[in-house]
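Peer 1: Before we start, here is the structure in question, set down as structure tokens.
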């Protein structure tokens, strides 16, 4: 079975970049990692049955490598770019930071399942990617969403308590 990588690229790229962005929190780096993902996929000599799951597997591995590298360098990947003529939207930026923190507080499995689902993967693809039974995906996803919301609300609550 031969893979039509041009079609896979067209149908997967945007979801892949969104998924990677939520792993590395840097839009340019997410696009770079998406490109690297496709380069590695095309270098694979073996035909792939579930191409979308294969692409996201490569992407997850690249994102984990990126995270390890960033941890070693202890650099922040997200930079706030402001134009002196434009007032930054601090409230929006604070919400983004709170969501980033809430996602970071999730365990790897919950975060990966949420991000894979958000990237448009089916329960079957998420199951193949994570090793969880298909029947467990919905429950795990529901619990991960609840943990994310609870953590986000706690971060917001602490922020408001600190401002008093």
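The values are calculated or read from the model by the stated rules, or taken from the named source; none is laboratory data. Since the model is a prediction, treat every value here as computed from it, not as a measurement. Using ideal geometry, Cβ is built from the backbone for each residue, glycine included, and neighbour counts are taken over all protein chains shown.
Peer 1: Scan the stretch 95-138 for residues that are free of Cβ contacts under 8 Å to residues at least 40 places away in the same chain, surrounded by fewer than 17 Cβ atoms within 10 Å (Cβ to Cβ) and part of a helix (DSSP H, G or I) and report the count. Before the answer, list the steps.
Peer 2: Going residue by residue through the stretch 95-138, those that are free of Cβ contacts under 8 Å to residues at least 40 places away in the same chain are 95-97, 104, 107-111, 113-114, 117, 122-124, 126-127, 130-138.
Going one step further and asking which of them are surrounded by fewer than 17 Cβ atoms within 10 Å (Cβ to Cβ), we end up with 95-97, 104, 107-109, 122, 124, 131, 133-136, 138.
Filter once more, keeping what is part of a helix (DSSP H, G or I): 95-97, 104, 108-109, 124, 134-136, 138.
Total meeting the criteria: 11.
Peer 1: For the stretch 108-164, what are the residues that are on the phi > 0 side of the Ramachandran plot and at pLDDT 85 or above?
Peer 2: 131
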